[in-house]
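Reviewing the structure listed below.
The values are calculated or read from the model by the stated rules, or taken from the named source; none is laboratory data. All of these numbers come straight from a predicted model, not from anything done at the bench. Every residue, glycine as well, gets a Cβ built from its backbone with ideal geometry; the counts of neighbours run over all protein chains shown. Calculation scope for accessible area: heavy atoms of the full protein, side chains included, ligands and nucleic acids excluded. Shrake-Rupley method; radii C 1.70, N 1.55, O 1.52, S 1.80 Å.
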Amino acid sequence: MSPNAKRAVITGITGQDGSYLTELLLGKGYEVHGVMRRASTFSTQRLEHIYHDPHESGKRLHLHYGDLSDGNGLSRLLREVRPHEVYNLGAQSHVRVSFDQPVYTTDVTAVGTLKLLEAVRDTQDASGELIRFYQASSSEMYGKVVEVPQRETTPFYPRSPYGAAKVYSHWITVNYRESYGMHTSCGILFNHESPRRGETFVTRKITRAVGRIKHGLQEKLYLGNLDAQRDWGFAGDYVEAMWQMLQQDQGDDYVVATGKMISVRKFCELAFGEVGLDYQDFVEIDPRYYRPAEVDELLGDPTKAREKLGWEPTIQVEALAKMMVEHDMERAAKENTLRNAGHELTGRG
């Protein structure tokens, strides 16, 4: 470890946000330690370009096996690394899946946050050195919204096990700030997407289908509620807000959003329109993709983040859809080339 570089620990480092945050922190000279779960397959695709970087940034990225369900392991890691900042991005983060796995979702997403906070508190008390903590809160905490737009003061009304778990994580983080004087901040992030978004999340499911349909690899796209409305931004912008929160003198809570809301239907129109297609010719409704309890609209008010952090989103949803479609068009083109090559080798065509 470098004695001079600032050190950060990131849970959920292999996810979309984790990879963008890693790039940001390395660019600022940090030494980054990521916590990743042990699995039988590689899950580091989003980090490969950094981890194998022959330049200095690759040498300052360290990956550790760990799990939010293992409080003792988290404590050992923090004592070893002695981080200046901890970013808790780890979770079972798929809303629909949380209805199928509510106990697991709660164990990791809610209780896992408590275990990590305890590890931070113990490490800080033992070393006497301040550790700044970021909690990834979620717009899903607002659920059945009681006001539009949603602000930091808007009451929560979660409509899924995931949303409820995030509410616990949010309030326990606030509690540790107020009870123990810890520097903890919660970023209430509204939907944020990118080409690195998981393929089961609706925006990426749409843009991936656009590429595959355009290249003849897929015929239809099956979705659930097209009328659900969301405030969609770019993940690369949102990790900047995370970092800015931990540079403040005091911990606090901030809504991070674009302040603009569109429907899933409109996102389909934007994405398919990028390649000259009408989404209505390809999108079909599958009731299996509806949630037991729907969240109809989420629209964030980022005024506090703008005024106190100086944060502004740089990419709006139209440019975001274009970026994601271009990425998935390239992937589909490669997939199509490989398929055609396979047909030639097997004598099919």
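Details
- Shape category assigned to the range 201-349 from the gyration tensor of Cα positions, a/c cut at 1.5: prolate
- Cα shape, the range 118-266, gyration tensor, a/c 1.5 rule: prolate
- Extension gain for THR200-VAL103 works out to 32.9 nm (0.36 nm per residue, less the C-alpha to C-alpha distance).
- Looking at the chain, the DSSP beta bridges with both ends there are about 5 percent antiparallel.
- The range 27-177: C-alpha gyration tensor shape, a/c 1.5 cut-off, then a/b vs b/c: prolate
- Spatial offset of the range 276-328 relative to the range 100-116 amounts to 26 Å, using the alpha carbon center of each.
- Ranking SER43, SER19 from most to least accessible surface, computed with a 1.4 Å probe over the protein chains only, gives SER43, SER19.
- In the range 127-242, a dipole from Cβ-located charges (positive for Lys and Arg, negative for Asp and Glu) runs towards its positive end, and of ILE188, THR203, PRO161 it is THR203 whose Cα lies farthest in that direction.
- Förster radius 30 Å - calculated FRET efficiency between ASP278 and LYS334 (Cβ-Cβ, nearest 0.05): 0.75
- Counting every C-alpha pair in the chain, the share spaced more than 27 angstrom apart comes to 48%.
- Probe 1.4 Å - accessible area at HIS192, Å² to nearest ten: 20 Å²
- Other-chain or far-sequence residues with amide H under 5 Å of LEU189's (modelled H): SER137, SER138, SER139, VAL256
- Just the protein heavy atoms count here, and of the accessible area of the range 1-123 at 1.4 Å, carbon and sulfur take up 51 percent.
- Charge dipole (Cα centre; +1 on Lys/Arg Cβ, -1 on Asp/Glu Cβ; no other charges) of the range 179-234 amounts to roughly 280 debye.
- Solvent-accessible surface (1.4 Å probe) assigned to LYS144 amounts to roughly 100 Å².
- Full-extension gain in nm, HIS62 to SER127, via 0.36 nm per residue minus C-alpha separation: 21.2 nm
- With 5 Å bins from 0: P(r) over the range 96-158, alpha-carbon pairs, percent: 4, 14, 17, 16, 16, 16, 10, 5, 2
- In the assembled protein chains, ARG121 presents an accessible area of approximately 50 Å² (probe radius 1.4 Å).
- Whole-number accessible area per residue in Å² for the chain, which is evaluated in the context of all protein chains at 1.4 Å: 45 Å²
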